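The values are calculated or read from the model by the stated rules, or taken from the named source; none is laboratory data. None of the values given here were measured: they were computed from a predicted structure. Heads up, the Cβs are rebuilt from the backbone with ideal geometry, glycines too, and the neighbour counts pull from every protein chain shown. These area figures cover heavy atoms from the full protein model, side chains too; ligands, DNA and RNA do not enter into them. Shrake-Rupley method; radii C 1.70, N 1.55, O 1.52, S 1.80 Å.
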Amino acid sequence: MSVTLYEYPKCGTCRNAKKWLDAQSVSYEAIHIVENPPSAEELKELHQKSGLELKAFFNTSGKKYRELDLKNKRAHMSEQEQYELLASDGMLIKRPIVTDSTKVTLGFKEEQFETNWA
C-alpha cells in the first residue's frame with residue numbers, strides 16, 4: 001500500500017505518524033504541507049472522502065488560527081472560502097493528513113492508523 005502523507009517536518013505528531021508508517025512498512029510520499037499545501041480542490045476532495053466536518057481540517061490550536069480569529073470568522077464563511085483559506089497557508093491545516101485516494105485520516109491516533117493503514 002502506498003499513501004500520501006501531508007506533513008510538517010517539525011511537527012511531533014507528524015513524526016509519530018511517520019514512525020508508525022515506517023514500522024508497519026507502509027510506503028508513503030511525504031509532502032511538506034507548508035511548502036506545498038493541497039489546493040482548494042484537493043482539500044474539498046479530501047474533506048468529502050474523510051466523512052469529517054470541515055472544521056476538523058483546521059489546526060485550531062495553531063498560532064495562525066488564533067491570529068486570524070478563525071474561531072469566530074469561520075462560521076460566516078462558505079465552504080469554498082474555507083477551502084481557499086486552508087489552501088493559502090499550510091499552517092492552518094490539521095496535520096498530518098494521510099490518504100490513499102480512497103480513505104483519509106487527520107492527525108495521528110494509533111488505533112485509527114491500525115484500522116486504515118495496517
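Residue by residue, here is whether (1) of a type in the set (Lys, Arg); (2) open to solvent by 20 Å² or more (accessible area, probe 1.4 Å); (3) assigned to a strand (DSSP E or B); (4) touching an Asp or Glu at 6+ places or on another chain (Cβ under 8 Å) holds:
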{"position": "Val3", "(1), (2), (3), (4)": "no, no, yes, yes"}
{"position": "Tyr6", "(1), (2), (3), (4)": "no, yes, yes, no"}
{"position": "Pro9", "(1), (2), (3), (4)": "no, yes, no, no"}
{"position": "Ala17", "(1), (2), (3), (4)": "no, no, no, yes"}
{"position": "Ser25", "(1), (2), (3), (4)": "no, yes, no, no"}
{"position": "Pro37", "(1), (2), (3), (4)": "no, yes, no, yes"}
{"position": "Glu45", "(1), (2), (3), (4)": "no, yes, no, no"}
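Answer yes or no as to whether Ala30 is small (Gly, Ala, Ser) and assigned to a strand (DSSP E or B).
Yes, satisfied.
Is there any pair with a first residue in the stretch 68-96 that is within 15 Å of Glu35 (Cα to Cα) and touching a residue at least 12 places away in the same chain (Cβ under 8 Å) and a second that is among the β-branched types (Val, Ile, Thr) and in a helix (DSSP H, G or I) whose Cβ atoms are under 8 Å apart and which are 6 or more apart or on different chains, and what are they?
Arg95/Thr13; Pro96/Thr13
Consider Lys49 carefully, then state whether it is open to solvent by less than 60 Å² (accessible area, probe 1.4 Å) and among the charged types (D, E, K, R).
Answer is no for this residue.
Can you name the condition, by its number, that Ser78 falls short on among (1) over 18 Å from Gly107 (Cβ atoms); (2) in contact with a helix residue (DSSP H, G or I) (Cβ under 6 Å, 6 or more places away or on another chain); (3) hydroxyl-bearing (Ser, Thr, Tyr)?
Result: Ser78 passes all but (2).
I'd like the residue in the stretch 58-98 that is at pLDDT below 95 and part of a loop (DSSP other than H, G, I, E, B) and, out of all such residues, is most open to solvent (accessible area, probe 1.4 Å).
Residue satisfying both the conditions and the ranking: Ser61.
Any residue in the stretch 27-53 that's on the phi > 0 side of the Ramachandran plot: show its pairings with residues that are surrounded by fewer than 16 Cβ atoms within 10 Å (Cβ to Cβ) at Cβ separation under 7 Å, as long as the two are six or more apart or on different chains.
Listed pairs, sorted by first residue: none to list.
If Lys55 meets every condition in (1) within 12 Å of the chain's Cα centre (by Cα); (2) of a type outside the set (A, V, I, L, M); (3) surrounded by 17 or more Cβ atoms within 10 Å (Cβ to Cβ); (4) in a helix (DSSP H, G or I) apart from one, which number is that one?
(3)
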